[in-house]
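Just so it is clear, none of the values below were taken in a lab; they were calculated from the coordinates. Because the structure is predicted, anything quoted here is derived from the model rather than measured. Backbone-built Cβ (ideal geometry, glycine too); neighbour counts: all protein chains shown.
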Amino acid sequence: MDTPVTRFLDQHGIPYVIKRHSQPVYTCEDAARERGVRLSQIVKTMVGRDPNGGLHIMLIPGDGTLKLRRVRHYADGARVELLPPDQIRHQLGVTVGAISPTQFVGRARFYIDRLLLSEPVVDISAGRPDAGVELRAQDLQRVLHALECDIVSTSKQSPPDSNGR
C-alpha cells in the first residue's frame, strides 16, 4: 500500500508493517479491534493551535485523555486549543478519524506522551480509514522530533499534582 504516510516512512528508513482493515474505521477502539492490538497502542493524534496560529500535534495513547493544561507547560506557556473537526478537515486537508502525525511534518510542533513510549510498537493511521501502520514508538518520536512529555490522564497514571501536571 502506497500512501503519503508510507512514502514518508520509507524516505526516512523507518521500518513498519501495514495493517489493512476489513472496513473503514474512524475511532481508536475500532482501529485497535481491526489491527488486533491493545487500545493503548493506538496513537491518537490531537491537533491544536496556539494564539499565534502555530500548530501543535499531541500524540497520546488511544485509551488516554489529553490534558491541555499540561500541554501549555511544554508549549512554553502558549495556550493551545484543540481544533474542531470541520477546521481540521477543511483548513488542514486531513481526514478526521484517520489522521497520521506524519501529515503535519514541517508545519507543526510535536509532543508524545511517555505512555506511548513505553509500548514496544504503536499503530498510527496510514492517512486513510482502511489501514494502519505499525512501527516502533521510538522511531515515531525520532522521525517527528517529538518532545517526550506527560500530557494524558488515564487509569494507569497517577493523578496530576497541585500544579495540574
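Number of residues in the stretch 118-142 that are closer than 22 Å to Asp76 by Cα and under 13 Å from the mean Cα position of the chain (by Cα) equals 1.
All conditions in (1) in contact (Cβ under 8 Å) with a residue 60 or more places away in the chain; (2) of a type in the set (A, V, I, L, M, F, W, C); (3) crowded, with 16+ Cβ neighbours inside 10 Å; (4) not in a loop (DSSP other than H, G, I, E, B) hold for Met46, with the sole exception of (1).
Being in contact with a Gly (Cβ under 7 Å, 6 or more places away or on another chain), touching a residue at least 40 places away in the same chain (Cβ under 8 Å), surrounded by fewer than 20 Cβ atoms within 10 Å (Cβ to Cβ) and outside any loop (DSSP other than H, G, I, E, B) is a property that does not hold for Arg109.
When restricted to residues that are surrounded by fewer than 16 Cβ atoms within 10 Å (Cβ to Cβ) and either part of a loop (DSSP other than H, G, I, E, B) or among the polar types (S, T, N, Q) (or both), the stretch 65-83 contains 4.
Filtered by the rule that a residue be part of a loop (DSSP other than H, G, I, E, B) and either small (Gly, Ala, Ser) or without any contact (Cβ under 8 Å) to a residue 60 or more places away in the chain (or both), the stretch 49-64 gives Asp50, Pro51, Asn52, Gly53, Gly54, Gly62, Gly64.
The number of residues in the stretch 84-106 that are more than 14 Å from the chain's Cα centre (by Cα), in contact (Cβ under 8 Å) with a residue 24 or more places away in the chain and in a loop (DSSP other than H, G, I, E, B) comes to 0.
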